[in-house]
Each structure stands twice: as structure tokens, then as C-alpha cells.
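> I have a structure here, written as C-alpha cells, and I will follow up with some questions on it.
The values are calculated or read from the model by the stated rules, or taken from the named source; none is laboratory data. For clarity, every value in this text was computed on a predicted model and none was experimentally measured. A quick note on method: Cβ atoms are made from the backbone with ideal geometry, for glycine too, and the neighbour counts reach across all protein chains shown. These area figures cover heavy atoms from the full protein model, side chains too; ligands, DNA and RNA do not enter into them. Shrake-Rupley method; radii C 1.70, N 1.55, O 1.52, S 1.80 Å.
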Amino acid sequence: AYHRAALRLARAAGDRREEASALNNVAAVYADIGGADSALAYHARALALRRAAGDRAGEAITLTNIGAVFANTGRPDSALAYYARALPLRRAVGDRGGEAVTLGNIGAAYRNVGRTDSGLVYYARALSLWRAAGERDGEATVLHNIGAAWHDAGRGDSALTYYASALRL
């Protein structure tokens, strides 16, 4: 209800960027409660507004969010396609944290379809960005995900090493 109220206010004010943010927030709620189709519809509206406003940073966020909806509903190929569209935008606007998030999402999508080697490549790229930025939370998350990938691959020794590294942060 609050996100919809914010959406109405943004529309009334003619603030397209805020309207797109509110649409993304409504979409996130739908995604959280299992309404993937509604989430995708709201994200599509947000994406159109962000493009019309020339908001490349916001466009990258929305593309990543759409990818996440697809990833969470068992459609990794669609997720990867949206992440691939978001990644160059993240780089173009200098959003290193967002780039790391998108790289981690790509790694997770590959891991979830059993392509551990590809997932590890993307996790490593995300890890280097988090470390360069000094973002310990992001670094810990990726270290945990690398551990999970090694666990999935039957390499418990490597998994434990990465889990322990994540815990130290």
C-alpha cells in the first residue's frame, strides 16, 4: 500500500525517476510473495520509464531485478540474458558495487544450472570488485557463494576454506 501511494505521488509530481523507483518497489513485493508475472509487469513499466528518462543507472538496476525474478522462478537462461544487458550499463555508469552484484548474480545463475566452473569465474570477478571497494559484506557474501559452489562440486575441502574466509569478515 505504501509503495502504491508513493507511486501515485511520483506520478502526480511528474517525477519519472521516482515513479520508476516506486514501480520497482511494487515489483519487489510481488516477487517476494510469489507473484512473478506481476513483478515482471511492474519492472517492465519501470524499465520503459528509466529508458525514456535516460537513466542508465536505474535501467541497470531494473534489468538486474528482472533477471532476479527469472532466476528465482527457475528460468536461468532468461535471467542470464537480463544480467548480460545490465552488466555493461553498470560499467558505463561506474557503478562498481552494482557491477559486483550483477556478476554475483550471473555466477549464481550458472551455479544453479550445474555450470560450477562458469559460476566460479563470475564469482571471482565479483570478489575482486568487492575487495577493491573495501566492501566486506559483499566480499563475505561472494566468499560464501564460492564455498557453496565448491560444495556443490563435491569439493568440501575447498568449500570449507571459503566458508571460513567469509566468517572471518
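> Give me the 1.4 Å probe accessible area per residue for the stretch 1-139, excluding ligands and nucleic acids, in Å².
51 Å²
> So what are the ³J(HN,Hα) numbers for the stretch 100-110, from phi and the Karplus equation (6.51, -1.76, 1.60; θ = phi - 60°), rounded to whole Hz, Gly and Pro as x?
5, 4, 5, 4, x, 5, 5, x, 5, 4, 5
> Can you pull the percent of the chain's accessible area that's carbon plus sulfur, 1.4 Å probe, other chains left in place?
Using a 1.4 Å probe with all protein chains present, the chain comes out at 51 percent carbon and sulfur.
> Summing -39500 (n - 2.57) over the DSSP H runs of n ≥ 4 in the chain and dividing by its residue number, what mean residue ellipticity at 222 nm do you reach, to the nearest 500 deg cm²/dmol?
-28500 deg cm²/dmol
> With θ set to phi - 60°, apply the Karplus curve 6.51 cos²θ - 1.76 cosθ + 1.60 along the stretch 141-155 and write out the HN-Hα couplings as whole Hz, x wherever there is a Gly or Pro.
4, 5, 4, 4, 5, 5, x, 5, 5, 5, 4, 4, 7, x, 10
> Need one number: nm distance between label points at Ala81 and Arg136, each 7 Å from Cα along Cα→Cβ, rounded to one decimal.
4.1 nm
> Okay, next question. Kindly provide log₁₀ I(q)/I(0) values, in the same order as q = 0.19, 0.30 Å⁻¹, from the Debye equation applied to equal alpha-carbon scatterers of the stretch 25-77.
Summing over Cα pairs of the stretch 25-77 leads to -0.57, -1.12.
> Along the stretch 40-49, what does the Karplus equation 6.51 cos²θ - 1.76 cosθ + 1.60 (θ = phi - 60°) give for ³J(HN,Hα), rounded to whole Hz, x for Gly and Pro?
5, 5, 5, 4, 4, 5, 5, 4, 4, 5
> Sorted by mean Cβ packing within 10 Å, highest first, what order do the peptides 28-38, 51-61 take?
Order by mean packing, descending: 51-61, 28-38.
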